[in-house]
Amino acid sequence: QVQLVESGGGSVQPGGSLKLSCAASGNTASIYFMAWYRQAPEKQRDLVASITRGLKENYADSVKGRFTISRDNANSMVYLQMNSLKPEDTAVYYCNALNDRGQWWGQGTQVTISS
């Protein structure tokens, strides 16, 4: 099993920045893919950014140039630096991991962008 714990959410004004962190524990050695998803009220959960064990990054078009995903394999951490935040970025952000046993989710952290 893999346990994922997110932190770093909060409320900021438009144009502000936040950095989300996700700490993985358990069977982390087999994790080959980590990602951040988000889900706004009454909307589906969408992929925001992903990163492979080899550090290949991928981003949703809506966040390209504003968000950066990074990964610390040695410490089983993944981060999401979010800059130039917009009200439409408001959502619950979930950490996700894939290993040879399946898919794992964190409990989510709320991000609210409001003036």
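What the table below lists for this structure:
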item	result
Cross-chain or 6+ apart pairs with Cβ under 8 Å, region 72-93 first and closer than 17 Å to S50 by Cα, then modelled with pLDDT under 95 and open to solvent by less than 20 Å² (accessible area, probe 1.4 Å)	S76/I31
Every pair of residues 6+ apart whose Cβ atoms lie under 8 Å, when the first sits in region 55-68 and is basic (K, R) while the second is in a loop (DSSP other than H, G, I, E, B)	R66/N83; R66/S84; R66/L85
Filter result (small (G, A, S), at pLDDT 95 or above and touching a strand residue (DSSP E or B) at 6+ places or on another chain (Cβ under 6 Å)) within region 57-115	A60, S70, A91, A97, G106, G108
Some residue of region 15-27 being surrounded by fewer than 13 Cβ atoms within 10 Å (Cβ to Cβ), within 24 Å of S115 (Cα to Cα) and out of contact with any Asp or Glu (no Cβ under 6 Å at 6 or more places or on another chain)	yes
Single match in L47, L4 (criterion: part of a strand (DSSP E or B), without any contact (Cβ under 8 Å) to a residue 24 or more places away in the chain and touching a strand residue (DSSP E or B) at 6+ places or on another chain (Cβ under 8 Å))	L47
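The values are calculated or read from the model by the stated rules, or taken from the named source; none is laboratory data. Computed from a prediction, not measured in an experiment: that's the story for all the values here. Backbone-built Cβ (ideal geometry, glycine too); neighbour counts: all protein chains shown. Accessible surface is based on the protein model in full, side chains and every heavy atom, while ligands, DNA and RNA are left aside. Shrake-Rupley method; radii C 1.70, N 1.55, O 1.52, S 1.80 Å.
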